[in-house]
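*Asks:* Mind looking over this structure? Questions follow.
Nothing in this text is a laboratory measurement; each read-out follows from the coordinates by a stated rule. This one's a predicted model, so the numbers in the text were calculated from it and none came from an experiment. Ideal geometry is used to build each Cβ from the backbone, glycine not excepted, and the neighbour counts take in all protein chains shown.
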Amino acid sequence: MKLSGWGRYPLINAKAVSFESEAELPAVLSVAGEWIVHAKGRSYGDSALNQQVITTRRYNKIIAFDPQQGVVECESGVSLAELIDVFLPRGWFLMVTPGTKLISVGGAIAADVHGKNHHSAGCFSSCVLSFQLMSADGRIVHCSPTENRELFLATCGGMGLTGIILTVRLKLQPVKSAYIRETILRCRNLEEVCGAFEQHRAFTYSVAWIDCLAQGSQMGRSILMLGENAETGPRQLPPVRRLSVPVNFPRGCLNRYTVRLFNRIYYGSHPAFVENRLVPLEPFFYPLDRIDNWNRMYGASGFTQYQLVLPKAASFAGLTKILDRIGKAGFGSFLAVLKLFGPENDNYLSFPMEGYTLALDFKIERPLFAFLDELDRIVLDHGGRLYLTKDVRMPAQVFREGYPRLHLFAAVRDKWDKQRKFNSLQSKRLGV
Amino acid sequence: MNLLVLGANSDVAFALAGRFAQFEKADLYLASRNVTALEKKARDLTIRHGITATPLFFDAEDCKSHADFYESLKPKPDGVVAAFGYLGDQAAAQKDFHQARRIFHANFIGAVSILEIVAADFERRGHGFIIGLSSVAGQRGRQSNYFYGAAKGAFSIYLSGLRNRLAPRGVKVITVLPGFIRTKMTESMELPEKLTALPEEAARDIHRAFQKSKDIVYTRWFWKWIMLVIRSIPEPVFKRLRL
Ligand SMILES: Cc1cc2nc3c(=O)[nH]c(=O)nc-3n(C[C@H](O)[C@H](O)[C@H](O)COP(=O)(O)OP(=O)(O)OC[C@H]3O[C@@H](n4cnc5c(N)ncnc54)[C@H](O)[C@@H]3O)c2cc1C
Ligand SMILES: NC(=O)c1ccc[n+]([C@@H]2O[C@H](COP(=O)([O-])OP(=O)(O)OC[C@H]3O[C@@H](n4cnc5c(N)ncnc54)[C@H](OP(=O)(O)O)[C@@H]3O)[C@@H](O)[C@H]2O)c1
């Protein structure tokens, strides 16, 4: 079947096999060739792609829930959206959630995803109590921060390259309502938004939308969104009307002029200051989930997301250079997001480190990759790295420099999967 | 509401059971051959929807067991979904009548056997509904799957007769005519992306048909029009097509 990541590039032909019980898997793995798990396909690039993929679509059952501790045990194909549907009305919410709920628990672990509360809560792995992993030889291994620790550290953020995550035990956080108290600040430039991130560290949730095309004194102008779990409000989410992008946008719809116009309107449409307004949690965390297939907006050639992080000390200088390059090159990005991360964790390939992360969407077009190579150099020069789950084109060298604990990861793979049964197009490209 | 789902390990049936649990607060009897798989599903639906779900062994081909099976259900169901189905292997069935007979048995004879027992109960009580999962494959014979198609065609005609019989007693019979659905049944087939529904989409269509008291429902809806075209091709032309 035809398969791609969320960026719809590359689009490949692959054989996909599903399963419902782990007992079916050893037979699948005994088939010659490489395998990689493809879950909800919300990773942007080629992390979940190969000629043969195992889908977790039918491996999606909830196994147990402890309402005293807020601990749920489920199969790795269960989506975050399902967990919210089931447990939010009972007063439990995810401890860490990315900007979409349409991903699987397995994908959340494999990319060790982060959310708007990274500075206070860390990555997704911090709410993972344990999981079972099927290794290349078909054995089931129990992993937790204390049992088979190195396999745990390699699997969280390991992009499916250590094996198949089976059942997972997760901790949820208690919440009083399905609403968020949101505060919005308009920041006139990069300096102002960085200052505001620091000043408002005490907020549980924070993220900024940044106008990556504004230049000069306005460079880095942003809308900073801050939030706290609300103490009041119903536990039921209000119904949302779904929207859909039915077909690919035609060529040429997205260019520097339309994006610049959009950014100007978007920036202007936010008041300079909003304090403590009560908003449902869905639009706060998942603004794009309402629109089905919004990835078609970028047209048939697809798009990619370039997400980088820079160590804090180098962030301001590095971001200034990057924004300057983007402004000059004129590759527009609607979705440019800035966030201040908290400290890095022990996982070998987790992306976040203490400092600023910037994520930019770009339509795939011919000159883009050469331009991104230039940005790579700025990122590396400032001691930063790129996020694997968004990547589709980074050169192996850039990966190696950005992830200094790669040798520890490789050692775990040597131990558990010497033959490299698990590989993705990405892992081969990067020589993981 | 108590809902009996026969062939509950079918991907479509499981999605449909979820919808009835969520929207009708139905308690479920999940009946199929693989009880281990059913136990996992029952637990999942119980946690998600706060209903009771009971896994039960049921073999559609073992007609002798059907009366006792139905007898053992307490309380009796208010609705029954017959979802079990067996695609079989057309080529093998052409060579070996035993194979062909299994296809008829699993898709048709077994369904008639259990549904007659259900129908008698519903008719007596003047209460209940039956949802039968047939197939558009039953609307015209094709060389690639005419055993399965014939069994499903017979099942569709059976359901239409049953509907006719039970309508005066207020018992609803819904014939479901799926086109392509991405399930374990079709996993190894190369299906046209745009014409293929997810099990959840099929379940939504079926549940909606139940709510709207439809007699016949195609899922996805466009199969109604596709089949209209396919049925209208004259036989002298049709017989030359490679379908
Ligand atoms: C709109 C949008 C917003 C996003 N926002 C954020 C964000 O704020 N923060 C963030 O961190 N990410 C974000 N992401 C990225 C997304 O959270 C990750 O890419 C996530 O990994 C996708 O999960 P998936 O279930 O779709 O997995 P896939 O994309 O199918 O797979 C991703 C990787 O996980 C592996 N994998 C999946 N399941 C298993 C399993 N059971 N066992 C072993 N390996 C497995 C795959 O092999 C692959 O390497 C966003 C993505 C989108 C589309
Ligand atoms: N998928 C499609 O494209 C498609 C198209 C048209 C029509 N349909 C029909 O729609 C229905 C559901 O299909 P699906 O794709 O969801 O099927 P599926 O996932 O392949 O499941 C079929 C289930 O039927 C059960 N079954 C088979 N023989 C049985 C028997 N003798 N007794 C009891 N259970 C039996 C099996 O249960 P166990 O696992 O417990 O053995 C199996 O899980 C079927 O009737 C099918 O023919 C499907």
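*Asks:* Could you pull out the pairs from A:Lys2/A:Lys40; A:Lys40/A:Lys415; A:Lys61/B:Lys184 whose alpha carbons sit more than 24 Å apart here?
*Replies:* Working: A:Lys2/A:Lys40 14 Å; A:Lys40/A:Lys415 28 Å; A:Lys61/B:Lys184 16 Å.
Long pairs (Cα-Cα over 24 Å): A:Lys40/A:Lys415.
*Asks:* Please state the equivalent ellipsoid semi-axes for segment A:243-340: what are the square roots of 5 times the Cα gyration tensor eigenvalues, largest first, in whole Å?
*Replies:* Value: 24, 22, 15 Å, ordered largest first.
*Asks:* Starting with the highest mean, order A:177-187, B:57-67 by the number of other Cβ atoms within 10 Å, averaged over the residues of each peptide.
*Replies:* Values: A:177-187: 20.9, B:57-67: 16.6.
Result, highest mean Cβ count within 10 Å first: A:177-187, B:57-67.
*Asks:* Moving on. Taking Cα centroids, how far is segment A:1-34 from segment A:85-101 in Å?
*Replies:* What the calculation gives is 28 Å, centre to centre.
*Asks:* Moving to a separate point now. Can you give the FRET efficiency for A:Asn293 and B:Glu235, using 1/(1 + (r/R0)^6), R0 = 45 Å, r = Cβ-Cβ distance, to the nearest 0.05? Mind dumping the intermediate values first?
*Replies:* Working: r = 41 Å, r/R0 = 0.91.
Calculated value: 0.65.
*Asks:* Give the average over all directions of the projected area of the C-alpha convex hull of chain B, one decimal, in nm².
*Replies:* Working: hull surface 53.0 nm².
Spelled out: convex hull of the Cα atoms, projected over all directions, averaged, 13.3 nm².
*Asks:* Given contacts defined as C-alpha pairs under 8 Å and at least six residues apart, what's the relative contact order of segment B:20-114, whole-number percent? Present the calculation step by step, with values, prior to reporting the outcome.
*Replies:* Numbers: 97 pairs, mean separation 23.5, N = 95.
Over segment B:20-114, the number comes to 25 percent.
*Asks:* Right, next: Counting other beta carbons within 10 Å of each residue's own, what order do A:Glu75, B:Glu116 fall into, fewest first? Before the final figure, lay out the partial values.
*Replies:* Details: A:Glu75 25, B:Glu116 15.
The order, fewest Cβ neighbours first, is B:Glu116, A:Glu75.
*Asks:* Tell me, how many Å apart are the Cα centres for segment A:240-288 and for segment A:157-189?
*Replies:* First find each Cα centre; the distance between them is then 21 Å.
*Asks:* Partner chain Cβ atoms within 10 Å, averaged over the residues of B:37-48 - can you pull that number for me? Please report the intermediate quantities before stating the final value.
*Replies:* Details: counts 3, 0, 0, 6, 2, 1, 4, 9, 2, 2, 10, 7.
Mean inter-chain Cβ contacts per residue within 10 Å come to 4.
*Asks:* What Kirkwood Rh does segment A:62-175 have if only Cα atoms enter the pairwise 1/r average? Answer in Å.
*Replies:* Numbers: mean 1/r = 0.0717 Å⁻¹.
It works out to 14.0 Å.
*Asks:* A:Lys321 versus A:Glu374, label points 7 Å from Cα toward the beta carbon: distance in nm?
*Replies:* 1.3 nm
*Asks:* Still on this model: Output the relative contact order of chain B, whole-number percent, from Cα pairs under 8 angstrom with separation of 6+ residues. Numbers along the way, then the final one.
*Replies:* Working: 424 pairs, mean separation 43.5, N = 243.
Contact order relative to length: 18 percent.
*Asks:* While we're here: Could you tell me the relative contact order of chain A? Use alpha-carbon pairs under 8 Å, at least six residues apart, and round to a whole percent.
*Replies:* Across chain A, relative contact order equals 19 percent.
*Asks:* Under a no-solvent Debye model with one identical scatterer per Cα of segment B:1-136, what's log10 I(q)/I(0) at q = 0.16 Å⁻¹?
*Replies:* Reported log10 I(q)/I(0), two decimals: -0.80.
*Asks:* What is the extension gain from B:Arg142 to B:Lys74, computed as 0.36 nm multiplied by their sequence separation minus the C-alpha to C-alpha distance, in nm to one decimal?
*Replies:* Values: separation 68, 0.36 × 68 = 24.48 nm, distance 4.24 nm.
Gain on extension, B:Arg142 to B:Lys74, equals 20.2 nm.
*Asks:* Summing +1 for each Lys or Arg and -1 for each Asp or Glu, what net charge is found among the other residues whose Cβ lies under 14 Å from the Cβ of A:Pro98? Each step should come with its number before you reach the end.
*Replies:* Working: positive: A:Lys40, A:Arg42, A:Lys101, A:Lys116, A:Lys339, A:Lys390; negative: A:Asp112, A:Glu282, A:Asp289.
That works out to +3.
*Asks:* With n ≥ 4 as the cut-off for DSSP H runs, can you work out [θ] at 222 nm for chain A, using -39500 (n - 2.57) per run divided by the number of residues, rounded to the nearest 500?
*Replies:* Working: 13 runs with 115 residues, N = 432.
That comes out to -7500 deg cm²/dmol.
*Asks:* Please label the shape of the protein assembly as shown as rounded, prolate or oblate, based on the square roots a ≥ b ≥ c of the eigenvalues of the alpha-carbon gyration tensor (a/c under 1.5 means rounded; beyond that, a/b larger than b/c means prolate, else oblate). Walk me through the numbers before you get to the answer.
*Replies:* On the way: a/c = 1.90, a/b = 1.82, b/c = 1.04.
Note, shape of the protein assembly as shown comes out prolate.
*Asks:* In whole angstrom, note down how far apart the Cα centers of segment B:139-181 and segment A:310-341 are.
*Replies:* 61 Å
*Asks:* Full extension from A:Glu228 to A:Ile12: what is 0.36 nm times the residue separation minus their Cα-Cα distance, to one decimal in nm?
*Replies:* Working: separation 216, 0.36 × 216 = 77.76 nm, distance 4.18 nm.
Extra length available between A:Glu228 and A:Ile12 comes to 73.6 nm.
*Asks:* Is it possible to state the helix-based mean residue ellipticity at 222 nm for chain B, with each DSSP H run of 4+ residues giving -39500 (n - 2.57), the sum divided by total residues, to the nearest 500 deg cm²/dmol? What is it? The partial results should precede the final answer.
*Replies:* Details: 10 runs with 112 residues, N = 243.
Only helices count here, giving -14000 deg cm²/dmol.
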